[in-house]
Amino acid sequence: MKVLVVGTGYVGLTTGVALAYLGHRVVCLDVDEEKIALLNEGKAPIYEPGLPELIALAKNNIQFTTSYDSSEINTCDVIFIAVGTPSLPDGSPDLSQVKASAEAIGERLDDHFVVVVNKSTVPIGSGNWVGTLLREAYRLRKGTKPIGNYAVASNPEFLRQGSAIFDTLYPERIVIGAEDTRAIDVLTNLYRPLLNQDFSSPAFLPRPEELSAVPIVTCDLASAELIKYAANAFLSIKISFANEMARLTSKVGADIVDVMQGIGLDSRIGPRFLQAGIGWGGSCFGKDTAALVSTSKEYGITMPIVQAARDVNYHQRLWVVDTLLRELKILKGRTIALLGFAFKPNTDDLRDAPSLDIARQLLQKGARVAATDPVALGNARRFYSELGVAYFDEPMDALQDADAVVLVTEWPEYRKLDWAGVKSVLANPLIVDGRNFLDHDELTRLGYRYIGVGR
Ligand code: UGA
């Protein structure tokens, strides 16, 4: 099929490249000329494991452009809108990019049938809204009503940064919401290789042995839109539940890791997303839970469970500072080393990263903050040079003379650090493990004071 993907962020680019890999003809469009120039050189503008390799494998089926006119909208079978929807100060999403792309598409529609798909996470009702934008833009341009040869669908994305290619090629489900059954038929055909799992896997990312087919959920537009928010809210609630329990386990002398393992083995609960720590970050959970709370207000209802998950999460970041205050008594003039700066491993993304809040609070209290990260320092220097954090490429340089070490991001290399050697460069062997990730027994044996979350 011929596919246009508007927006080359994590979702748009991964979707476009994966569909091209599966044999569709894909055009990826972005208004950001710098990104498109990089992509045309075969380079990925974001850090995502496997993405450069998949771009190389798909290169004969994919083109990158900044121009709607050269993307031949009138010959496309499917157009994905996968642009950014960042939060506005009141928590509601900024839909200006969705509006601009829907209008640009609407102006170029003709009588050829095309499915326009909302792939960005957009509020409930956006499918109808995009339909109206397409119609109005068409009418303005052509002076007549469209003959009805387009349909709007919602096809939410569940990929995680850091494993975006895996999640896209081997998804746990595909959700398609539309009022027009033609849209569901077209998208089912588009995704047939994923649904049947009969494409040949890239050598660097083999198909999991147990995966033979992927379930599809077809529903109305509003349900598909809500599935995305409900999934992210539920995952956020799981994490915040683990963090809330961690507060209690540390008081009663229990271990949160054992407690979560003990409940997670119940298949009704499940073991994943129950890792206590310094809470979630990233561009999705915070934004989507805020949007859900804000949507519920519009309808005159409250969402106290979702709101509580948010409160617990942001409070959790303070735990690091409270713990350091309790242990060191005075933070003024102390050096605190942050191991990891990204919101999670395998990404260079700093959006809503716990590291930023922790650093801000420590700096406010007069501490010096030294941070290191294997891939996120480029973004840290680019976007957060004013923060006042000293960034170090080498972990050992960040750790020099530190009064405490905080493990912020569970990058595997931090487990393998020469912790005996690290101890010799620290001013004080105190470790606050914000992800319960380091080897507690080994560190204690080496003479560290080790503090984990809820243990
Ligand atoms: C999340 C969802 O997992 C995806 O399914 C969804 O598609 C995506 O948002 C989105 O809406 O685009 P992502 O934000 O990339 O994906 O990352 P996650 O792996 O979900 O991690 C989010 C945060 O939760 C990280 O800061 C991670 O450290 C934290 N986390 C995760 C915990 O604190 N504990 C856990 O047990 C799991």
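The values are calculated or read from the model by the stated rules, or taken from the named source; none is laboratory data. Everything numeric here is computed off the predicted structure, so don't read it as measured data. Please note: Cβ atoms are built from the backbone with ideal geometry, for glycine as well, and neighbour counts cover all protein chains shown. Protein only, heavy atoms only, side chains kept; ligands, DNA and RNA dropped before computing areas. Shrake-Rupley method; radii C 1.70, N 1.55, O 1.52, S 1.80 Å.
Residue-by-condition table, conditions (1) open to solvent by less than 70 Å² (accessible area, probe 1.4 Å); (2) within 14 Å of the ligand (Cβ to nearest atom):
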{"residue": "LEU159", "(1), (2)": "yes, yes"}
{"residue": "SER163", "(1), (2)": "yes, yes"}
{"residue": "ILE176", "(1), (2)": "yes, no"}
{"residue": "ALA203", "(1), (2)": "no, no"}
{"residue": "SER212", "(1), (2)": "no, no"}
{"residue": "ASP220", "(1), (2)": "yes, no"}
{"residue": "ALA246", "(1), (2)": "yes, yes"}
Scan (1) buried (at least 20 other Cβ atoms within 10 Å of the Cβ); (2) part of a helix (DSSP H, G or I) for the single condition SER250 breaks and write down its number. (1)
Looking at (1) within 16 Å of the ligand (Cβ to nearest atom); (2) in a strand (DSSP E or B), which one does LEU194 not meet, given that it meets all the others? (2)
Pairs where the first residue, in the range 24-49, is on the phi < 0 side of the Ramachandran plot and the second is modelled with pLDDT of 95 or more and open to solvent by 80 Å² or more (accessible area, probe 1.4 Å), C-beta under 7 Å, 6+ apart: VAL27/GLN63
Within the range 254-271, is there a residue that is within 10 Å of the ligand (Cβ to nearest atom), part of a loop (DSSP other than H, G, I, E, B) and touching a residue at least 60 places away in the same chain (Cβ under 8 Å)? no
Of residues in the range 272-293 being more than 16 Å from the chain's Cα centre (by Cα), aliphatic (A, V, I, L, M) and surrounded by fewer than 21 Cβ atoms within 10 Å (Cβ to Cβ), the one farthest from the ligand (Cβ to nearest atom): VAL293
Is it the case that some residue within the range 441-450 is within 24 Å of LYS344 (Cβ to Cβ), within 16 Å of the ligand (Cβ to nearest atom) and not small (Gly, Ala, Ser)? no
Any residue at all in the range 294-315 that's open to solvent by less than 50 Å² (accessible area, probe 1.4 Å) and under 20 Å from TYR450 (Cβ atoms)? no
